[in-house]
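Q: What follows is a single structure, and I will ask about it in a moment.
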Amino acid sequence: MEAHTGDQGVLSLTGGQRLHGSVSVRGAKNSVLKLMAAALLAPGTSTLTNVPAIVDVEIMAELLRRLGCTVTWDTAAGVVEIDVPERLDHRADYDLVRRMRASICVLGPLISRCGEADVAMPGGDNIGSRGLDLHIEGLRRMGVDVVNEHGYLVATSAQLTGADVWLDFPSVGATETLVMAAVLAQGRSTIDNAAREPEIVDICSMLIEMGAQIDGVSTSTLVIDGVPELHPVTHRTVPDRIVAGTWAVAAAITQGRVEVLGADPAHLTLALDKLRSAGASIEERSDGFVVEMSDRPRAVDIVTLPYPGFPTDLQPQFIALNAIADGAELVTETLFEARFRFVRELARLGADVQTDGHHALIRGRTSLSGAPVEATDIRAGAGLVLAGLVAQGRTDVFGVDHIDRGYAGLVEDLQALGATVTRTDEPSS
């Protein structure tokens, strides 16, 4: 399998087929990119397995190459090898960082290894403001001087020192940055109100394997005792709970039966419970789960919250489910103020969605109608694809380059499950 390289593609779907069969989930996008950055902390060759064949991995690989690393990626095997030199470059250029917000995760490792980092202000999905204030304030507490110069965060430190940091919000990105800075700092750091997502646990697990001393993993308080050096490792990426959750909703929305392999149902407790409330039958297994839906789904209410709350990255998929469900329910988005932008596209398919600030009221309809729609971010694209699976006639989803950033082999997997879908790639203008 090859990763698509960000072409302006179009997915054409003809709705009406029930999805049936099995699909495999690989490692989490929201983890593997940070694991690749964590490899910078140890000279030598680190190997990541269970890596998804998505565009963002190639972008991160190119960023690491520019920092001086040698990166090889076997997309078929899902293996990335990163050979990190003793001396790294410390500049992450705008042309790559603008394409992927996760590029900011090199900030912590670079300041740890080099004592300086120049990282362009990030781009990425257009779902609302995601400031870097928490990253910057935490680094300053560790003795880092951070300024914004000409669109770059310029960070310097003669010696990172341990510090107590309280995060006003359990930010995943800030937690990752501060942990990766603290592991090589002098002394003890405590991060209170830290994020607890499975991807955070995965990064901490890899760092511990590399020789870091981290206590409180999976809790809201992380205690890190800095060590002089780390060593390279081989690490398996945690399964992608958002991709797994998307397939779970796909089974429910099409009234089908899908076996999701390679997923951890414990990472999707709330989402699977919501699908049960919608009428789905779910069998949890050690290597995944099976979702089956025999009737029209019932509408379910959603409130997005930091983990272990309901994930914002599954909100668009559940709005699509509610759009054809029996009843009306409210979806409340507490994390990203612009996440509802995609409902304007969903309305083109006939969905009845009214938004007011952080709330969206969805009145389910018995059917949707195919139309051209535009994906504006990864998860919005996934939600529109799910809606297209049940819309009457043909739905063309433009902007597939967004979806490529989070979903590997989506067309092939959909076709294997019985969907009528094709893809046309058009060169970027």
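Q: Could you look through region 98-112, keep only residues that are among the hydrophobic types (A, V, I, L, M, F, W, C) and farther than 24 Å from Gly409 by Cα, and pick out the one that is modelled with the lowest pLDDT? Outline the logic, then answer.
A: Just the residues of region 98-112 that are among the hydrophobic types (A, V, I, L, M, F, W, C), to begin with: 100, 102, 104-107, 110-111.
Checking which are farther than 24 Å from Gly409 by Cα leaves us with 104-107, 110-111.
Working: Ile104: 85, Cys105: 90, Val106: 94, Leu107: 94, Leu110: 96, Ile111: 96.
Going through the qualifying residues, I end up with Ile104.
Q: Right, something else. Checking Leu132 against (1) within 21 Å of Leu40 (Cβ to Cβ); (2) modelled with pLDDT of 95 or more, which single condition isn't satisfied?
A: (2)
Q: Kindly list the number of the only condition in (1) in a helix (DSSP H, G or I); (2) touching a strand residue (DSSP E or B) at 6+ places or on another chain (Cβ under 7 Å); (3) touching a residue at least 60 places away in the same chain (Cβ under 8 Å) that fails for Val397.
A: Evaluating Val397 over (1) in a helix (DSSP H, G or I); (2) touching a strand residue (DSSP E or B) at 6+ places or on another chain (Cβ under 7 Å); (3) touching a residue at least 60 places away in the same chain (Cβ under 8 Å) leaves (1) as the failure.
Q: Can you name the condition, by its number, that Leu13 falls short on among (1) assigned to a loop (DSSP other than H, G, I, E, B); (2) under 30 Å from Asp396 (Cα atoms)?
A: (1)
Q: Here's something else I'd like to know. Scan Ser112, Ser103 and give me the residue that is in contact (Cβ under 8 Å) with a residue 24 or more places away in the chain, buried (at least 24 other Cβ atoms within 10 Å of the Cβ) and of a type in the set (S, T, N, Q). Walk me through how you get there before you give the answer.
A: On the way: Ser112 fails: buried (at least 24 other Cβ atoms within 10 Å of the Cβ).
The match here is Ser103.
Let's see how each residue does on (1) of a type outside the set (Lys, Arg); (2) touching a Cys at 6+ places or on another chain (Cβ under 7 Å); (3) within 28 Å of Thr269 (Cβ to Cβ):
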| residue | (1), (2), (3) |
| --- | --- |
| Val147 | yes, no, no |
| Leu160 | yes, no, no |
| Val165 | yes, no, no |
| Asp168 | yes, no, yes |
| Glu176 | yes, yes, yes |
| Ala182 | yes, no, no |
| Gly187 | yes, no, no |
| Ile191 | yes, no, yes |
| Ala195 | yes, no, yes |
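Q: Can I ask one more? How many residues are surrounded by 15 or more Cβ atoms within 10 Å (Cβ to Cβ) and farther than 24 Å from Tyr407 by Cβ when one looks only at region 353-364? First the steps, then the outcome.
A: Residues of region 353-364 that are surrounded by 15 or more Cβ atoms within 10 Å (Cβ to Cβ), as a first pass: 353, 355, 358, 360, 362-364.
Then keep just the ones that are farther than 24 Å from Tyr407 by Cβ; that gives 355, 358, 363-364.
Number satisfying all stated conditions: 4.
Q: Of all residues being among the polar types (S, T, N, Q) and modelled with pLDDT of 95 or more in region 274-311, which is nearest to Arg18 (Cα to Cα)? Just the residue, please.
A: Applying the first criterion (among the polar types (S, T, N, Q)) to region 274-311 yields 277, 281, 286, 294, 304.
This time we only want the ones that are modelled with pLDDT of 95 or more, so: 277, 281, 294, 304.
Numbers: Ser277: 20, Ser281: 15, Ser294: 10, Thr304: 28 Å.
Restricting to residues being among the polar types (S, T, N, Q) and modelled with pLDDT of 95 or more, the top hit is Ser294.
Q: Take the residues of region 309-345 that are surrounded by fewer than 18 Cβ atoms within 10 Å (Cβ to Cβ) and assigned to a loop (DSSP other than H, G, I, E, B): which is farthest from the chain's Cα centre (by Cα)?
A: Gly327
Q: List the number of the failed condition for Gln255; all other conditions in (1) of a type outside the set (Gly, Ala, Ser); (2) assigned by TED's automatic domain parsing to the domain that holds Leu414; (3) crowded, with 22+ Cβ neighbours inside 10 Å; (4) in a loop (DSSP other than H, G, I, E, B) hold.
A: (3)
Q: Looking at (1) closer than 18 Å to Glu412 by Cα; (2) in contact with a Phe, Trp or Tyr (Cβ under 6 Å, 6 or more places away or on another chain); (3) not hydroxyl-bearing (Ser, Thr, Tyr), can you tell me which one Val80 breaks?
A: (1)
Q: Do any strands (runs of 3 or more DSSP E) entirely within region 145-215 hold 3 or more residues that are in contact (Cβ under 8 Å) with a residue 24 or more places away in the chain and surrounded by fewer than 21 Cβ atoms within 10 Å (Cβ to Cβ), and if so, which?
A: Qualifying strands (runs of 3 or more DSSP E): 152-156, 188-192.
Q: Taking the conditions exactly as written (outside the structural domain of Met100 (by TED's automatic domain parsing), without any contact (Cβ under 8 Å) to a residue 12 or more places away in the chain and touching a strand residue (DSSP E or B) at 6+ places or on another chain (Cβ under 6 Å)), does Gln392 satisfy them or not?
A: Against the criterion (outside the structural domain of Met100 (by TED's automatic domain parsing), without any contact (Cβ under 8 Å) to a residue 12 or more places away in the chain and touching a strand residue (DSSP E or B) at 6+ places or on another chain (Cβ under 6 Å)), Gln392 does not qualify.
Q: Among what's in region 258-271 and is in contact with a strand residue (DSSP E or B) (Cβ under 7 Å, 6 or more places away or on another chain) and assigned to a helix (DSSP H, G or I), pick the residue that is surrounded by the fewest Cβ atoms within 10 Å (Cβ to Cβ).
A: Looking at residues that are in contact with a strand residue (DSSP E or B) (Cβ under 7 Å, 6 or more places away or on another chain) and assigned to a helix (DSSP H, G or I), I get Leu270.
Q: Quickly run through region 216-229 and pick out the residues that are under 29 Å from Val25 (Cβ atoms) and crowded, with 19+ Cβ neighbours inside 10 Å. Full working, then the answer.
A: Of the residues in region 216-229, the ones under 29 Å from Val25 (Cβ atoms) are 216-220, 222.
Once the filter is applied, which keeps residues that are under 29 Å from Val25 (Cβ atoms) and crowded, with 19+ Cβ neighbours inside 10 Å, region 216-229 yields only Leu222.
Q: Given the options Leu40, Leu48, Leu35, Leu63, name the one that is modelled with pLDDT under 95, assigned by TED's automatic domain parsing to the domain that holds Glu149 and not in a loop (DSSP other than H, G, I, E, B).
A: Exactly one residue qualifies, and that residue is Leu63.
Q: Of the conditions (1) surrounded by fewer than 24 Cβ atoms within 10 Å (Cβ to Cβ); (2) part of a helix (DSSP H, G or I), Leu384 clears all except one; give me its number.
A: (1)
Q: Answer with yes or no whether Pro198 is over 19 Å from Val144 (Cα atoms) and either at pLDDT 95 or above or outside the structural domain of Val144 (by TED's automatic domain parsing) (or both).
A: So Pro198 fits the description; yes.
Q: On to the next question. Those residues that are farther than 29 Å from Ala328 by Cβ and without any contact (Cβ under 8 Å) to a residue 40 or more places away in the chain, I need them from region 241-282; list them, please.
A: The answer is Ala266, and nothing else.
Q: I'd like to verify a number: residues in region 272-281 that are part of a helix (DSSP H, G or I) and surrounded by 19 or more Cβ atoms within 10 Å (Cβ to Cβ), how many?
A: 3
Q: May I pose another question? Would you check if Val373 is assigned to a strand (DSSP E or B), of a type in the set (Val, Ile, Thr) and over 18 Å from Leu268 (Cα atoms)?
A: yes
The values are calculated or read from the model by the stated rules, or taken from the named source; none is laboratory data. Here the structure is a predicted model, which is why all the values come from computation and not from measurement. Glycine gets a Cβ as well: all are built from the backbone with ideal geometry, and neighbour counts include every protein chain shown.
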